[in-house]
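**Student:** What follows is a single structure, and I will ask about it in a moment.
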Amino acid sequence: MQDAFGRYPQAKKIITPMIIYGVIYFFLAFGDSLISYISPIIIEEHVNSALILGLILSTSSVFGIFFDFFSTRFWPNAKYNLFLKLTFITTIALPILFLVFPKSIPMFLVGMAAWGAYYEFRGFASYSFIQKHVSKEEHTTSWATINAFSAIAYLVGPLLAVF
């Protein structure tokens, strides 16, 4: 859209870091969508009970809640770079646990702890990134951008996981 003088406004500087972060977030969400699709299948094959499956999966949220309370003691002023690194580490932890270690309830619970930590690290990274790189006036647009990348990943992930 042109201004009163017929000029086009310049692109804001925030777009480039936001798009880069959005792409990174897309791949994190894509991996999470694959794990969300595959984890219940793997766990149910080994516990043979929908109730136990549900209890195991719900522990990721319980671990996430405790992680929220205790993480501020370990990383009170951490930057988004650290949280992204920790997100990638915990993202890789769950598939490795499923592939390498014996499939047992204790290992599934360890995997759910990694998944809960991953989810929290991903959120911490986003909050930290937006706080550092985005003006307050653009917070809504930034969250919408991140959520759009995430939604696309959660749409595409299960479609590809079937194959």
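The values are calculated or read from the model by the stated rules, or taken from the named source; none is laboratory data. None of the values given here were measured: they were computed from a predicted structure. In this analysis, Cβ positions are derived from the backbone assuming ideal geometry, glycine residues included, and neighbour counts consider all displayed protein chains. Accessible surface areas use protein heavy atoms only, side chains included; no ligands, DNA or RNA. Shrake-Rupley method; radii C 1.70, N 1.55, O 1.52, S 1.80 Å.
**Student:** Show me the helices of the chain, taken as full DSSP H stretches, that run 20 Å or more along their long axis by Cα and average 1.6 or above in Kyte-Doolittle hydropathy. If you can, show how the numbers build up before the last one.
**Tutor:** Numbers: long enough: 15-47 (46 Å, 1.33); 50-74 (36 Å, 1.52); 80-100 (29 Å, 1.82); 105-133 (42 Å, 0.39); 139-161 (33 Å, 0.95).
Helices meeting the span and hydropathy rule in the chain are 80-100.
**Student:** A further question follows. Restricting to lysines 8 or more places apart or on different chains, can you count the pairs in the chain with Cα atoms under 24 Å from each other?
**Tutor:** 9
**Student:** Could you please state, rounded to a whole Å, how far the C-alpha centre of region 65-95 is from the C-alpha centre of region 104-163?
**Tutor:** After rounding, the separation between the Cα centres reads 12 Å.
**Student:** Kindly list the residues of region 120-144 that lie in the label zone of ASN77, defined by a backbone N under 19 Å from the point 7 Å along the Cα-to-C-beta vector.
**Tutor:** 125, 127-133
**Student:** Of the heavy-atom accessible surface of the chain (probe 1.4 angstrom), what whole percent is carbon and sulfur?
**Tutor:** On the way: 7190 of 10260 Å².
Carbon plus sulfur share of accessible area: 70 percent.
**Student:** Let me ask something else. Just to confirm, what accessible area per residue do you get for the chain at 1.4 Å probe, in whole Å²?
**Tutor:** Numbers: 10260 Å² over 163 residues.
Per residue, the chain has an accessible area of 63 Å².
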